[in-house]
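**Student:** Dropping a structure here in structure tokens format, bear with me for questions.
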């Protein structure tokens, strides 16, 4: 999904990763959980924290900061798990993303969202849907399906086995 596909006002849940503000379309957010016990799984990539038990369902939890090439998320009183629905082909998979803290929900008009900056050919910014402007701050709006595309592929493959 690109900025040009945003034609009407949308709501974005914002959260902090380090000192940066990120947003994700609220339509992709299932719920926000306090940090709970995460069960580690062997042979997973470093950014996969493990799984949680969500009302009897196993939900993978990913350290979003590590996934995006940042330092690992420190566990604090504000750390939370944002449950998002990620699409893969015709399937929807629920994943948990660790965030340093959840901020608030912002409504943004299409004219307040600019394309992600192109910073040379070596950097992949496909997972950034756009740069949202709200009052005096920018937020990186994530295309959550693209952020977790590789993870959803792996999870779907493992579940099929």
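The values are calculated or read from the model by the stated rules, or taken from the named source; none is laboratory data. Remember, it's a predicted structure, so these values are computed and weren't measured experimentally. Heads up, the Cβs are rebuilt from the backbone with ideal geometry, glycines too, and the neighbour counts pull from every protein chain shown.
**Student:** Condition check: in contact (Cβ under 8 Å) with a residue 24 or more places away in the chain, in contact with a strand residue (DSSP E or B) (Cβ under 8 Å, 6 or more places away or on another chain) and not in a strand (DSSP E or B). Does residue 37 satisfy that?
**Tutor:** no
**Student:** With the requirement that a residue be within 15 Å of residue 67 (Cα to Cα) and touching a helix residue (DSSP H, G or I) at 6+ places or on another chain (Cβ under 8 Å), what does the stretch 87-97 give you?
**Tutor:** From the stretch 87-97, those within 15 Å of residue 67 (Cα to Cα) are 95-97; that's our starting set.
Matches in the stretch 87-97: 95, 97.
**Student:** Something else now. Within the stretch 80-122, which residues are assigned to a loop (DSSP other than H, G, I, E, B), loosely packed, with under 15 Cβ neighbours inside 10 Å, in contact (Cβ under 8 Å) with a residue 24 or more places away in the chain and in contact with a strand residue (DSSP E or B) (Cβ under 8 Å, 6 or more places away or on another chain)?
**Tutor:** 115
**Student:** Now for a separate question. How many residues does the stretch 126-147 contain that are modelled with pLDDT under 85 and either crowded, with 20+ Cβ neighbours inside 10 Å or in a strand (DSSP E or B) (or both)?
**Tutor:** Qualifying residue count, the stretch 126-147: 2.
**Student:** If you check 84, 24, which single one turns out to be over 23 Å from residue 137 (Cα atoms) and at pLDDT 90 or above? Steps first, answer last, please.
**Tutor:** Numbers: 24 fails: over 23 Å from residue 137 (Cα atoms).
Exactly one of 84, 24 is over 23 Å from residue 137 (Cα atoms) and at pLDDT 90 or above, namely 84.
**Student:** Same structure, new question: Which of the residues that make up the stretch 55-78 are touching a residue at least 40 places away in the same chain (Cβ under 8 Å) and buried (at least 17 other Cβ atoms within 10 Å of the Cβ)?
**Tutor:** 60, 62, 64, 65, 67, 68, 73
**Student:** Hey, another quick one. What number of residues within the stretch 34-47 satisfy the criterion of being surrounded by 10 or more Cβ atoms within 10 Å (Cβ to Cβ) and under 16 Å from residue 79 (Cα atoms)?
**Tutor:** Matching residues across the stretch 34-47 total 4.
**Student:** May I ask you to list the residues in the stretch 44-79 that are at positive phi, in a loop (DSSP other than H, G, I, E, B) and under 17 Å from the mean Cα position of the chain (by Cα)?
**Tutor:** 69
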